[in-house]
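Student: To start, I am sharing the structure in question, which I have written as structure tokens.
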Amino acid sequence: MHHDISPLCAADIQDQLQKRFAYLSGGRGQDGSPVITFPDYPAFGDVPDKEFQNVMTYLTSIPSLQDAGIGFILVIDRRQDKWTSVKASILRIAASFPANLQLVLVLRPTGFFQRTLSDLAFRFNRDDFKMKVPVIMLSSVPELHSYIDKSQLTEDLGGTLDYCHSRWLCHRTAIESFALLVKQTAQMLQAFGTELAETELPNDVQSTSSVLRAHTEKKDRAKEDMRLALDEGRSVLESIREPLARGPEQSPNQDQLDSQSTVQRLLAQLSETEAAFDEFWAKHQRKLEQCLQLRHFEQDFREVKAALDVLAQKITTFTDVGNSLAHVQHLLKDLASFEEKSSAVTQRARTLALEGERLIELKHYAVDSIRPKCHELRQLCDQFAADVGRRRGLLGRALDLHGLLEASMKWCDEGIYLLASQPVDKCQAQDGAEAALQEVEKFLEMRAENKIQELSKIYQDYEPILTRDLLEHVQKVFRKQESVEEMFHRRQASLKKLAAKQTRPVQPVAPRPEAPAKSPCPSPGIRRGSEIHSSEGSVLRRGPYRRARSEVSEGRQGRGRSTGDEESLAVLRRHVMNELLDTERVYVEELLCILEGYAAEMDNPLMTHLISTGLQNKKDVLFGNMEEIYHFHNRIFLRELENYIDCPELVGRCFLERMEQFQVYEKYCQNKPRSESLWRQCSDCPFFQECQKKLDHKLSLDSYLLKPVQRITKYQLLLKEMLKYSKSCEGAEDLQEALSSILGILKAVNDSMHLIAITGYEGNLSDLGKLLMQGSFSVWTDHKKGHTKVKDLARFKPMQRHLFLHEKAVLFCKKREENGEGYEKAPSYSFKQSLNMTAVGITENVKGDAKKFEIWYNAREEVYIVQAPTPEIKAAWVSEIRKVLTSQLQACREASQHRALEQSHSLPLPAPTGTSPSKGNTKDVRKLEERKTDPLTLEGYVGPAPLPRPPEKGRGWSKTSNPPEAPEDNDGWSSAEEPVNSSDAEEEGRAGLRKLVPGKYTVTGLDEKGGPDALVLRSGDEVELVQEGDEGLWFVRNVSSGGEGWLPARNLSALLGQRGAPGCLSSPESSAGSALLSASSSCSESCAAALADLQG
């Protein structure tokens, strides 16, 4: 027998099994031997040996080892065959059967001949079969039944065993397929389990989550495969049991029972494998989940610890103990706000510690790593809470101390009020003195708890918070308290003396105020009275009310009245200072609230969904430079203001020192229209509503955006109040200057709000210099070169123009109508024209209207008659324009002085023989001869009456000095002083001697009166009058001959011809003297050229 043949599956030899030349019906012999039936198969001899061997091997492998060990019974049905075929079949089976045989039963052929032949041949050929088991030849089926029961034989052998070959083959295929699936599933689970066991735990949350997710997905696929395998096994089992269910009277054969047990065993094996895998997965999953929990815990621990470290660092910076009660309250509020914001971090830390303890209770595998971190978190939280508590305790003690100091100061102020408000005249009477004494004693008795009792006890009780400044403040308050107590004791002693019964009545008599009684040796009674009133005068401070004084003491109280008034003013100054500080702190707090509650929230990712599209990336537009304003006030200005709490009259210095920083308000106000416009567009945004709800504000954001504008206006009101009570104090000048500066800032802010509304100007407004003034005027035009527009031909109705006066130009704009609401209601200005200040002149007075003045351009080629709303506004504008022109003149002079240094030593002296054509000028000639011997300096000739030095080329400025007795603002620059360049002089004209002006002329006569050294002028020469000097002399330059020198004006009047534009030097042709400081003042192009030369 061959036992080394590898086992086969029904699916491998399904075609061979379907031939049915042998089958295993499931029948058993009497001793349980499996029965293999070889049915009548005519082509048995044609079956290949390989197929026959495969089928035999497979059939003998199906029964259990126990049944197969008994041996097989072969039933060979050859009833329809020949003997030769029987012999061949037996020989083939004997040679190739792979298992043990117990018995071979052969149903021989049924034909007479063949049956006889088979009997004979079997007797003679028994040894040829070479079988160790008996081979029994059966003649009929009943004989077969004597060996095998009918119930174990199929119907074709006369039995009752239900057997279907195709069904058997299907069952065998299904069972074997299921067995293979179970085997593969077990191998897959084993490989997956090995993979899980060998997986290293990641060190971060993301990797751990990825591993857990990947393993879970694989587990789910494995579970799905096991479910499918179980379903297939149950289906096979059901198909095996199905025939028995249809015929309950039939009992299953042994093969069927074996098949059922095989499938059931495989199902049980698969279930056990699944259970083992589930148990292993539960452990692995728990470990991965614990690892993920640990990684989350470690990550949260790092974040929380970093946040706690930041909080610990911040709390160490809280060292200020405050310098006033309100300041301490503000610090306590800041601490409470800080603690509230920090509570989220500490709460998270404590929650994380509880989470770690929960993991420890759940027997986490990393207990040794979790427990120290939980301990550290609790320790950090406790330390932070202790630090905050310590800080709160210090601030609480500071609050108590400042409360005590405030109470002491209040006691002092109330005491001063009381002493100052007691009617001195009534105190002269016994009843009045007794009443006043009772008031004093009652005050001392009732208000005693508000005083500082022992300074040493204060030092001892409040030692941890006593900084150097606070210690000085305590000492100052205590000294003030002692001073007030001393005042009360003196008043008490005085009132006690007055309250004593007087021996005779005293009739008050009013002394002469103009002759107060003075005695070099006053009597004791008078001396005591003086001492009493002196002491009373020293305590009558800060009294806001003045009672009627006794006529008797009126003269003696004159000295104390001023002291009492000063103390009263000191109390009022203190009240103003307190209001300034209190409102400043509130202002800083409101700014911080807006910046944190609104501006910072615009960058909060959690609030992004509430911000509308139009509001995104518009924080700078909405809030402007509010953060810059907040930092200035919080870090600098508020702290410096607090330094002046004890000397409020000097607070003006604080404003002056920080006046440049107040320019931030100009930037804020310039942005306010854009902010207001954005607010009106987005005011309904849910973001603003949510922020307002969180802040618990009753007013919307736009009300708080107006705070900086309101605050800069409030300062000038407080400074006015402080100045009113400090006029005789040391810092009055600083207060006045600070008030003026603040008002200047308000004006600059107002001007800038108008300036940014200008439209249509193509240049850069900043190039025009500082904006000096702006306002609306009525304007008429009068141009020499004709009208540029038809409507200018008859302009009886004035144009309404808004003028902007800059340092370098004046702009004419048309004011447009106001639209919108709030800041959007601000007007706009359409640019029309600009005039360069270097070519501008003014006429201060226009006939017929005190509110009009002229602005003319390029020597009156363009004239603008400007009518101001009031004479005061006109005067202010004229004065400001005059200052601009004066500054330009000064700049030109300085430029010319630098250039004159090189020519000062080469100037010619005027010839004495040609300076006076008349006989009456001998005195002037003598003066000129005397001047020739005077030394020449850089500034010209020096002497009693110095001769004017020649001007530089391009410099045409000339100003006749006013008489000393004439007022400076006598009609601005009147035409009477210099009618040459005055528009008024043009209208009125002058009779008599011809007035010369700088410019170029043609000589019409011959000057024969000059000496040998004098400047010679011939008819037809072109000369230039450069500058007029003293004594009626003009410095003349002969353009034709190149000579130059000083000549009398009378000679020149007779020699020179007429000019094209007489009476006006502000033309482009006479640029050398284009403007004079007169009633019509202008800076010419030559001045600009001089400045350009200086810069070059």
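Student: Computed FRET efficiency, Cβ-Cβ of residue 872 and residue 1039, R0 41 Å: what is it to the nearest 0.05? Before the final figure, lay out each step's value.
Tutor: Details: r = 49 Å, r/R0 = 1.19.
Working from the Cβ atoms, E equals 0.25.
Student: Another question, if that's okay. With a 10 Å radius around each residue's Cβ, average the other Cβ atoms per peptide and rank 410-417, 634-641, 713-720, highest first.
Tutor: On the way: 410-417: 19.5, 634-641: 15.8, 713-720: 17.4.
Order by mean packing, descending: 410-417, 713-720, 634-641.
Student: Specify whether the C-alpha gyration tensor of segment 1-71 places it in the rounded, prolate or oblate class, a ≥ b ≥ c being the square roots of the eigenvalues: rounded for a/c under 1.5, otherwise prolate if a/b is larger than b/c and oblate if not.
Tutor: Judged from the Cα gyration tensor, segment 1-71 comes out oblate (a/c at least 1.5, b/c at or above a/b).
Student: Sticking with this structure for a sec: How much net charge surrounds residue 282 when only the other residues with a Cβ under 11 Å from the Cβ of residue 282 are counted, with Lys and Arg +1 and Asp and Glu -1? Before the final figure, lay out the partial values.
Tutor: Details: positive: 219, 283, 286, 287; negative: 278, 279, 289.
Here the count lands on +1.
Student: Find how much the distance from residue 241 to residue 313 grows on full extension, using 0.36 nm per residue of separation minus their present alpha carbon separation; answer in nm with one decimal. If you can, show how the numbers build up before the last one.
Tutor: Numbers: separation 72, 0.36 × 72 = 25.92 nm, distance 8.06 nm.
Gain in length upon complete extension: 17.9 nm.
Student: In segment 144-182, which residues have a backbone nitrogen under 11 Å from the label point lying 7 Å from residue 136's Cα in the Cα-to-Cβ direction?
Tutor: Of the residues in segment 144-182, 144-149 have backbone N under 11 Å from the label point off residue 136.
Student: Quick one: if you stick a label point 7 Å off each Cα along the C-beta vector at residue 640 and residue 191, how many nm between them?
Tutor: The two pseudo-label positions are separated by 8.2 nm.
Student: Taking a probe of 1.4 angstrom, what is the accessible area of residue 12 in Å², to the nearest 10?
Tutor: 110 Å²
Student: Defining a contact as two alpha carbons under 8 Å apart and six or more residues distant in sequence, what relative contact order in percent does segment 213-293 show? Before the final figure, lay out each step's value.
Tutor: Working: 22 pairs, mean separation 29.6, N = 81.
With pairs under 8 Å counted, the relative contact order is 37 percent.
Student: If packing is taken as the mean number of other Cβ atoms within 10 Å per residue, what is the order of 674-680, 193-199, 103-109, 1016-1022, highest first? Mind showing how you got there, number by number?
Tutor: Details: 674-680: 18.0, 193-199: 12.6, 103-109: 22.1, 1016-1022: 16.1.
Most protected by this proxy first, the peptides run 103-109, 674-680, 1016-1022, 193-199.
Student: Ratio of Rg to Rh for segment 603-733, alpha carbon only, Kirkwood? Mind dumping the intermediate values first?
Tutor: On the way: Rg = 18.7 Å, Rh = 17.2 Å.
Rounded to two decimals, Rg over Rh is 1.09.
Student: Further question on the same structure: Taking 0.36 nm per intervening residue step and subtracting the Cα-Cα distance, what contour gain separates residue 799 from residue 455 on full extension?
Tutor: Details: separation 344, 0.36 × 344 = 123.84 nm, distance 7.58 nm.
Length difference between fully extended and current span is 116.3 nm.
Student: Something else about it: Once ligands and nucleic acids are excluded and a 1.4 Å probe is used, how much of residue 79 is accessible, expressed in Å² to the nearest 10?
Tutor: Accessible area of residue 79: about 60 Å².
Student: Can you give the net charge of the other residues whose Cβ lies under 14 Å from the Cβ of residue 747, counting K and R as +1 and D and E as -1?
Tutor: Values: positive: 770; negative: 666, 751, 880.
Result for the local shell: -2.
Student: From the cross-link list 808/851; 305/363; 442/497; 314/341; 618/667, which pairs have alpha carbons spaced over 21 Å apart?
Tutor: Values: 808/851 24 Å; 305/363 24 Å; 442/497 18 Å; 314/341 12 Å; 618/667 17 Å.
Result: 808/851; 305/363 exceed 21 Å.
Student: Pulled fully out, how much extra length does the chain show between residue 616 and residue 40, if you take 0.36 nm times their separation in residues and subtract their Cα-Cα distance? Mind dumping the intermediate values first?
Tutor: Values: separation 576, 0.36 × 576 = 207.36 nm, distance 9.64 nm.
Roughly 197.7 nm would be gained on extension.
Student: Expressed as a whole percentage, what fraction of the accessible surface of segment 330-468 belongs to carbon and sulfur atoms when a 1.4 Å probe is rolled over the protein heavy atoms? Before the final figure, lay out each step's value.
Tutor: Details: 3910 of 7550 Å².
Summing carbon and sulfur atoms, their accessible area is 52 percent of the total for segment 330-468.
Student: Got a sec? What order do 781, 351 fall in by accessible area at 1.4 Å, biggest, i.e. largest, first? Walk me through the intermediate numbers first.
Tutor: Details: 781 35, 351 70 Å².
The ranking, largest first, comes out as 351, 781.
Student: Determine, from the Cβ-Cβ distance of residue 177 and residue 218 and an R0 of 30 Å, the FRET efficiency 1/(1 + (r/R0)^6), rounded to the nearest 0.05.
Tutor: Numbers: r = 25 Å, r/R0 = 0.82.
It comes out at approximately 0.75.
Student: Turning to a different aspect of this structure: Using the structure shown, list the pairs from 457/480; 693/720; 770/814 with a Cα-Cα distance above 28 Å, or answer none. Let's see the in-between values first.
Tutor: Numbers: 457/480 18 Å; 693/720 38 Å; 770/814 21 Å.
In this structure, 693/720 exceed 28 Å between Cα atoms.
The values are calculated or read from the model by the stated rules, or taken from the named source; none is laboratory data. Predicted model, so just to flag it, every value in this text is computed and none were measured. Cβ atoms come from the backbone with ideal geometry, glycine included; neighbour counts cover every protein chain shown. These area figures cover heavy atoms from the full protein model, side chains too; ligands, DNA and RNA do not enter into them. Shrake-Rupley method; radii C 1.70, N 1.55, O 1.52, S 1.80 Å.
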